[in-house]
Amino acid sequence: MRLACLAVLLSFCAPLAGAFEIEESRQYPANGSVTLRILSTADADVFEPIIEAFQDQNPAIAITYDVASSAQVMTALYDEGAQYDLAISSAMDLQTKLANDGLAQTYVSDATALLPGWAKWRDQIFAFTQEPAVLVLNAQAFTGLALPKNREDLIALLRDHADVFDGRIGTYDVRVSGLGYLFATQDSRNTESFWRLTEVMGRLNTRLYCCSGDMITDVARGELVLAYNVLGSYARSRLADTPGLLVVEMDDFVSVMLRSALIPKTAKAPGEAGLMIDFLAGMNTRPALAEQTGLPPVAPSTKEDESVIRPIRLGPGLLVFLDTMRRETFLRSWTSSIEQE
């Protein structure tokens, strides 16, 4: 599966021989005749409370919820024209690519009108969470070590304590993970420290992952001392039942991903998809549900110009690093830095 994901990320516009791959599928039956088909990168366990709350309000709508990686979502919709009514993804750049290339439907409602301008694009992509990239640390392994407050601190810490961190750092394999690629390219825009940090991590035999959940699990087990650029929403949801985890938001800047939804051109139930978008757009009015899922909703009062918080903006700026030449150059530089011999 991971090789397929890599092929998609490197050249997702080229047709692939095999069909896209689904990691998990769940069915939520109802008495009505309409089924809302959702393709999503969000873990089924995380999203299930949202589906159940939505069906409480819309008991006639059955739901099929398929989970796939962000790269596989792109394969399904861009390459294969798979028929889904709603696409939910953490990879904002790939969602933008779908909309920009005419593969998303326009949707306007009272609920979407209330979203701040930075949380939607062309009335086709709608953000419903704000999720920061954070450091996740193993508290026991950090006994006697100063917690890094920013990336310069982190670089110094890794250099000064190579014996502690060698082979015990985790981060995304950006060749596989669409979200990892998004966070990495945004880091490279925000700080000159990015490439120095990547090189230091490469010298320390950093372990590469597809997903935040796997990194968090390995930090909790003690197999990793720290994981870099993990989704804060997933990390914080594990704090209550996983003692020994520390979550750090660095004070030089915090990249904030907007998880978004769009209605594909192939949708057979666009009306029902619109109802789900309305429901998601109103997550800030359902604090209990947001707490249950661990997904922080879009807050209309969030300021884009805060010095530390850096929401990644929806829009054509995200397409820059999807340009074939730019992407290949970035991945080549990243690979040579992180996979040192």
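List the strands (runs of 3 or more DSSP E) that sit entirely inside the stretch 87-205 and contain at least 1 residues that are of a type outside the set (Ser, Thr, Tyr) and under 30 Å from Asn284 (Cβ atoms).
Once the strands (runs of 3 or more DSSP E) in the stretch 87-205 are filtered for at least 1 residues that are of a type outside the set (Ser, Thr, Tyr) and under 30 Å from Asn284 (Cβ atoms), what remains is 125-127, 131-138.
Please state which of the following conditions Thr106 fails to meet, knowing it meets all the rest: (1) in contact with a helix residue (DSSP H, G or I) (Cβ under 9 Å, 6 or more places away or on another chain); (2) open to solvent by 50 Å² or more (accessible area, probe 1.4 Å).
(1)
Quick check on Gly180: is it small (Gly, Ala, Ser), in contact with a strand residue (DSSP E or B) (Cβ under 9 Å, 6 or more places away or on another chain), closer than 21 Å to Leu208 by Cα and surrounded by fewer than 22 Cβ atoms within 10 Å (Cβ to Cβ)?
In short, no.
Taking Ala269, is it open to solvent by less than 50 Å² (accessible area, probe 1.4 Å) and either of a type in the set (A, V, I, L, M) or without any contact (Cβ under 8 Å) to a residue 12 or more places away in the chain (or both)?
When the stated conditions are applied, Ala269 passes them.
From the list Pro243, Pro296, exactly one residue is under 30 Å from Ala156 (Cα atoms) and either under 19 Å from the mean Cα position of the chain (by Cα) or of a type outside the set (Lys, Arg) (or both). Which is it?
Working: Pro296 fails: under 30 Å from Ala156 (Cα atoms).
One residue alone meets the criteria, Pro243.
Here are Ala111, Ala127, Ala119: which of them is farther than 23 Å from Ser193 by Cα, modelled with pLDDT of 95 or more and under 19 Å from the mean Cα position of the chain (by Cα)?
Just one listed residue meets the conditions, Ala127.
Could you grab me the full set of residues in the stretch 260-281 that are among the small types (Gly, Ala, Ser), out of contact with any helix residue (DSSP H, G or I) (no Cβ under 6 Å at 6 or more places or on another chain) and part of a helix (DSSP H, G or I)?
Gly271, Ala273, Gly274
Can you report the number of residues in the stretch 137-160 which are open to solvent by less than 60 Å² (accessible area, probe 1.4 Å), over 15 Å from Leu246 (Cβ atoms) and out of contact with any helix residue (DSSP H, G or I) (no Cβ under 6 Å at 6 or more places or on another chain)?
Final tally of qualifying residues: 2.
The values are calculated or read from the model by the stated rules, or taken from the named source; none is laboratory data. Computed from a predicted model, the values in this text were never measured in an experiment. Don't worry about glycine lacking a Cβ; one is built from the backbone with ideal geometry, like all the others, and counts go over all protein chains shown. With ligands, DNA and RNA removed, areas are computed over all heavy atoms of the protein, side chains included. Shrake-Rupley method; radii C 1.70, N 1.55, O 1.52, S 1.80 Å.
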